[in-house]
1. So what are the ³J(HN,Hα) numbers for segment B:99-112, from phi and the Karplus equation (6.51, -1.76, 1.60; θ = phi - 60°), rounded to whole Hz, Gly and Pro as x?
2. Under the definition of partner shielding as Cβ atoms of other protein chains within 10 Å of a residue Cβ, what is the mean value for peptide B:129-141?
3. Given the convex hull of the Cα atoms of the protein assembly as shown, what is a quarter of its surface area in nm²?
4. With a 10 Å Cβ neighbour count serving as the proxy for reagent exposure, in which order, fewest first, do A:Tyr61, A:Tyr120 appear?
5. At what distance in nm do the modelled label points of A:Asp11 and A:Arg71 sit from each other, each positioned 7 Å from its Cα along Cα→Cβ?
6. Can you compute the helix-only [θ] at 222 nm over chain A? Use -39500 (n - 2.57) per DSSP H run of at least 4 residues, normalise by all residues, nearest 500 deg cm²/dmol.
7. For chain A, list the DSSP H helices whose alpha carbon atoms reach 15 Å or more along the long axis and whose average Kyte-Doolittle value is -1.0 or above?
8. Arranged by the count of other C-beta atoms within 10 angstrom, fewest first, what order do A:Thr42, B:Thr143 take?
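Each reported figure results from applying straightforward, stated rules to the coordinates on display, with no laboratory input. Being a predicted model, the structure only gives us computed values, none of them experimental. Cβ: placed from backbone, ideal geometry, glycine included. Neighbour counts: every protein chain shown.
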Amino acid sequence: MDRRKAMRIADGEAPEQDLDPRLRAEVEAFRALSDEVREAATPRRAPPDFEAFFRGVEARYEAAREARSDRGLARWWKGIRERPLWWMAPVGAALAAAALLALTVPGERAPNNACFVDSYDLDRGSVVIDQDPDDPSRATVIWFLEEG
Amino acid sequence: MLRRGIRVWVFAAATLALAASAMPRKAAAEPRAEVTLTVILARREPPKLHPGLQKMWDTLRRSFGDKFSFFDLAGETSRRLAEGERVETTLPNGDRFAAIFQGVTEDKGLLRIHLEMGEFRTKVRVHDGGVFFQAGRRHGDATVLIGVRAALVP
């Protein structure tokens with residue numbers, strides 16, 4: 001009976017007043033036992049090491065990425081070696097286009113000053129046409145020579 | 001009702017087609033030329049080239065290098081001309097000099113230029129951008145050279 005009363009007092013269900021030493025010892029013993037049980041029942045887990053977790057994930061991701069990159073480079077190089085037309089055709093076309101442009105686009109050229117005098121009309125004096133048919137860059141000069 | 005609607009639409013389409021055909025068509029773009037007259041006083045010596053003639057130096061040297069070494073700029077006139085229009089300048093001796101743009105030849109695309117200076121008339125054809133000279137008039141101890149440059153403009 002005293003033990004049940006001590007349990008109730010330890011659980012806070014009964015008032016803890018004017019206890020005789022034996023009952024108080026019982027109450028203290030129950031409280032100590034409750035604390036022990038509560039502590040044993042509480043899970044003691046350390047927080048997970050997220051830093052290590054992410055370091056692992058990153059390491060695996062990096063390894064996978066490098067492997068993928070190596071595989072891509074190898075595949076690309078293999079394609080170039082096995083199918084030279086893949087790169088020779090566009091490079092050849094670009095070279096041909098550049099050569100065509102260089103040949104067709106006019107650069108700094110001397111102006112064509114070739115001039116054709118169709119007719120002249122004068123009442124006095126004379127006209128001399130000074131031109132060099134072999135050198136179209138040389139300008140024609142129409143000399144009007146007044147008499148007297 | 002449907003037939004009447006169709007008739008209205010056909011009439012409207014025919015009216016629009018008639019109006020479109022009656023509208024004046026856009027005329028083909030007539031050629032325009034920029035004609036520049038450069039008046040130069042030339043002497044045998046002393047050697048001189050006016051700064052304004054530096055761009056013409058190669059042409060002057062090739063055309064007059066054996067006759068003159070002194071080139072002074074007396075004036076420059078430039079104008080964009082439609083067919084039949086003229087550009088004029090007054091020479092140092094008071095004479096008037098005119099160049100008239102008379103269009104472009106169909107076969108080779110040469111520019112037709114007519115020159116007028118007093119009683120002297122001449123007709124020439126030049127390449128697009130080409131230069132030629134009229135020379136011979138005297139002004140003091142100098143010879144008057146008139147450079148004519150004609151170039152098509154868009």
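1. 10, 10, 7, 10, x, 10, 5, 6, 6, 10, x, 7, 8, 8
2. Working: counts 3, 9, 7, 11, 8, 6, 7, 10, 3, 1, 0, 0, 0.
Partner-chain Cβ atoms within 10 Å, mean over residues of B:129-141: 5.
3. On the way: hull surface 223.9 nm².
Averaging across all directions leaves 56.0 nm² for the Cα convex hull.
4. Working: A:Tyr61 10, A:Tyr120 16.
Listed from fewest to most nearby Cβ atoms, that is A:Tyr61, A:Tyr120.
5. Spacing of the two 7 Å Cα→Cβ label points: 6.4 nm.
6. Details: 4 runs with 84 residues, N = 148.
Calculated from helices alone, the mean residue ellipticity at 222 nm is -19500 deg cm²/dmol.
7. On the way: long enough: A:21-41 (30 Å, -0.48); A:50-82 (47 Å, -0.90); A:85-104 (28 Å, 1.75).
Flagged H segments are A:21-41, A:50-82, A:85-104.
8. On the way: A:Thr42 8, B:Thr143 20.
Ordered from fewest to most neighbouring Cβ atoms within 10 Å, A:Thr42, B:Thr143 come out as A:Thr42, B:Thr143.
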